[in-house]
Amino acid sequence: MIEEIKINEFDTKYFIKDIGYVIIRKLYEHLDITDVYINEDKRRQGYAYKILKYIIDNNSNYKIMLEVNEINTPAINLYKKLGFKKISEREKYYKDKTALIMEYSKDIYILAIESSCDETSVSIVKNGTEDIATIINSQIDIHKNYGGVVPEIASRKHMENITIVLDECLKKANMKFEDMDAFACTYAPGLTGSLLVGLECAKTLSLIYNKPFIKVNHMLGHISANKINNTLKYPLISLIVSGGHTDLIFMEDENNSKYLGSTLDDAIGECYDKVAKILGLEYPGGPNVEKLALSGKDTYKMPIILNDESYNFSFSGIKSHVNNLVHNEHQRGNEVNKEDLCRSFQDAVTEHLVSKTKKALLDYNVKYLLIAGGVASNSHIREELQKMCNSINVEMHVPDKKYCTDNATMIGAAAYPLYLKGEFATLDTNAKSNENI
Amino acid sequence: MNTLFIDTHDELITVSFIFKNNIFTKEVISESHSTHLLPLINDMLNEKNIKLNDFNRIVVVNGPGSFTGIRIGLTVAKTISYSLNIPIYTISSLKAYLVSSDIDNKMCVIEDSKGYYVGTNDFEIYTDSLEDYKNYNRVDNKLDILKIMDYIDTIKPVNVHGVKANYVKVIEALK
């Protein structure tokens, strides 16, 4: 039975009779834990935990802090167990020993869903940066038969798979829906029918468990893939390269971003897929073009792409060039060397990406480059961008390959700052096929 | 049996709460079920001051009808069923209208932009002409929730992961 008694205007004592006490001091929004004492014969029985937990639970509006001697390991472990984290140190605070300053912060778990194209994915993300469990169910084997994603089939598969993927993710994380602090999902851009499945599922979970629902833009998700096990440094420039996007975005800080440029026609991933189709390669074509390019040489002459002062990209010209080249050779009865053509094509589009990105970095004097999107998993493009960054002394960050292609982890990472800001969405949220960040 | 009934197969969303013989039904005509279905359920729960885990049976119409509409209803029903471990039952839209009517030799017809979904007690098909089905008596496409519940009492629940939509019509890519 925990009782409390006010000592003076600022200090309150919480105690269990004949066991021990905790004294706190409240000042504005701060709550300092100033003294913890448990009778010697009652120690190591969980009483301190019980009293401190009671204080935490009943003072959720306060910033709770304490200091502890660095050699007091049992106490430090107790505070960590309660959710306190070290934020700084005060040297020689206790005579010759250092004091650790710890602050209570609850871990935030977000369950995120991604279903914008042909991957059904569910992930549980801790504090916006730690991947607790992620399941990705890809439908690629089905869509391969059609040479591309068939929206109606994708939507059907999402609906059939959604609870299975949820179930696998919870089991992998060994957690329950009740452990979640919020439910998030991609609501735009993407295939509407596919988006709707993830969206309705996340909204329903939010209704059932009475927890916030957070809607996330898919492209913001791709950028946020860089937050998984990493801290961003602003200002930065983000290059998004995927099947639907080729964008350069300048981000002054987390809340202020500006579109510098984007593709005037096809997206880079789309262009890779179309070139693959021209060469008769299997869907998904992008990775197959990359594979062939590995063993090829840059022998085919490619056009110089959009060599102007803008930050825009263009990929339809080079696609037409490859198409004409293959047809002309066919008409002459010749076969193209696919490896060499893939290599020449890849070198040309990479050069285009690198030069525009370099221009943006230099013009805006930015020292940090983020790469995001499915095409960021292309090793050649990663390497060439890295070389360029090294040459102008820019730090580059690119997510692990598994976080480059569509996944729900990045959606959880993107949802976290929205959670902290309280930017929640309502149950009438609809899917949108198109939306800029 | 406390049953939650959801029908989203056409532009009219129907949600019913059935507690013993008390039926609480609300309908919304909607062009965007994603905007209306969950707010409707939420309003009804608040109005009756009940929670989703007060239900011990979910009945959902799984088509035929609007592909997107069906998927919205099914996704919501599956998510509730899976997370709260409530048995789920599916009924086709044609069957739901058929069991709601008492006439003999009956047939249910649901029109879409290019043809007709036709259902009788023996079959469900998609056709571009009703010429061959003149001998049947067409039912009014109206839901009688209590009669549907009587029908559900006679069938078994579906494994939540195995819940499938009843599209009837075959799309081009799958032909």
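Between A:Glu29 and A:Thr299, the contour length at 0.36 nm per residue exceeds the Cα-Cα span by 90.4 nm. Over chain A, the ratio between the Cα radius of gyration and 2.2 N^0.38 Å evaluates to 1.22.
Restricting the calculation to Cα atoms, region A:335-437 yields a radius of gyration followed by a Dmax of 17.9, 59 Å. Pairs spanning more than 26 Å between alpha-carbon atoms, out of A:Lys258/A:Lys359; A:Lys92/A:Lys233; A:Lys301/A:Lys402; A:Lys95/A:Lys126; A:Lys85/A:Lys176: A:Lys92/A:Lys233; A:Lys301/A:Lys402; A:Lys95/A:Lys126.
Based on alpha-carbon atoms, the Kirkwood radius and the radius of gyration of region A:51-171 give Rg/Rh equal to 1.27. Specify the inter-centroid distance of region A:353-419 and region A:1-63, based on alpha-carbon positions, in whole Å. A separation of 47 Å, based on Cα centres. Highest mean packing comes first when the peptides A:213-222, A:83-92, B:49-58 are listed by Cβ atoms within 10 Å, giving A:213-222, B:49-58, A:83-92. Distance between the C-alpha centres of region B:35-111 and region A:129-168: 24 Å, rounded to the whole angstrom.
Averaging Cα coordinates gives a centre for region A:247-295 and one for region B:1-17; these two points are 44 Å apart. Over region A:3-104, Cα pairs under 8 Å with separation of 6+ residues give a relative contact order of 19 percent. Partners of A:Lys421 within straight-line reach, counting aspartates and glutamates whose Cα lies under 17 Å from its Cα and excluding those fewer than 8 residues away in the same chain: A:Asp107, A:Asp181, A:Asp253, A:Glu254. At the listed q of 0.24 Å⁻¹, the Debye profile of region A:3-104, built from one uniform point per Cα, gives log10 I(q)/I(0) equal to -1.43. A Förster radius of 35 Å, combined with the Cβ-Cβ distance separating A:Thr231 from B:Ile155, puts the computed FRET efficiency at roughly 0.05. Of the cross-linked pairs A:Lys401/B:Lys175; A:Lys144/A:Lys367; A:Lys274/B:Lys78; B:Lys134/B:Lys169; A:Lys6/A:Lys53; A:Lys172/B:Lys95, those separated by over 30 Å at the C-alpha level are A:Lys401/B:Lys175; A:Lys144/A:Lys367; A:Lys274/B:Lys78; A:Lys172/B:Lys95. Per-residue ellipticity at 222 nm, computed for chain A from helices alone with -39500 (n - 2.57) per DSSP H run of at least four residues, works out to -12000 deg cm²/dmol. First check a/c for region A:229-269, with a ≥ b ≥ c the square roots of the eigenvalues of its C-alpha gyration tensor; if it is under 1.5, answer rounded, and if not, answer prolate when a/b is larger than b/c or oblate otherwise. It comes out oblate by the Cα gyration axes. By definition, a body whose alpha carbon gyration tensor gives a ≥ b ≥ c is prolate when a/c is 1.5 or more and a/b is larger than b/c, and region A:340-394 fits this prolate description.
Each Lys or Arg adds one and each Asp or Glu subtracts one; over the other residues with Cβ under 13 Å from the Cβ of B:Lys169, this totals -3. Pairs of Cα atoms nearer than 8 Å and 6+ residues apart set the relative contact order; for chain B it is 21 percent. Counting only the Cα atoms, region A:201-342 fills a convex hull of 169 Å³ per residue. For chain A, averaging the sequence separation of C-alpha pairs within contact (under 8 Å, six or more residues apart) and dividing by the residue count gives a relative contact order of 16 percent.
Kirkwood-type hydrodynamic radius, region A:274-381: 15.0 Å, calculated from all non-identical alpha-carbon pairs. A simple rule links phi to the HN-Hα coupling: the Karplus curve 6.51 cos²θ - 1.76 cosθ + 1.60 with θ = phi - 60°, which for region A:44-52 gives 6, 10, x, 5, 4, 4, 4, 5, 5 Hz, with x for Gly and Pro.
With Cα atoms as the point set, the radius of gyration and Dmax of region B:22-175 evaluate to 16.4, 50 Å. Computed from backbone phi, the HN-Hα couplings of region A:397-402 come to 10, 10, x, 3, 3, 5 Hz, rounded to whole numbers (Karplus: 6.51 cos²θ - 1.76 cosθ + 1.60, θ = phi - 60°; Gly and Pro given as x).
Residue by residue, region B:19-25 carries 3J(HN,Hα) couplings of 10, 6, 9, 8, 10, 10, 10 Hz when phi is fed to the Karplus relation 6.51 cos²θ - 1.76 cosθ + 1.60 (θ = phi - 60°); x denotes Gly or Pro. Show me, bin by bin at 10 Å from 0, the whole-percent P(r) of region B:1-95 based on Cα pairs. For region B:1-95, the binned pair fractions read 17, 55, 27, 1 percent. Counting charges near A:Met102 (Lys, Arg +1; Asp, Glu -1) among other residues having Cβ under 9 Å from its Cβ returns a value of +1.
Taken together, the values in this text are just the output of simple stated rules run on the coordinates, not laboratory data. Small disclaimer: the values here were computed from a predicted structure and weren't measured. Quick reminder, even Gly has a Cβ in these numbers, built from the backbone with ideal geometry, and neighbours come from all protein chains shown.
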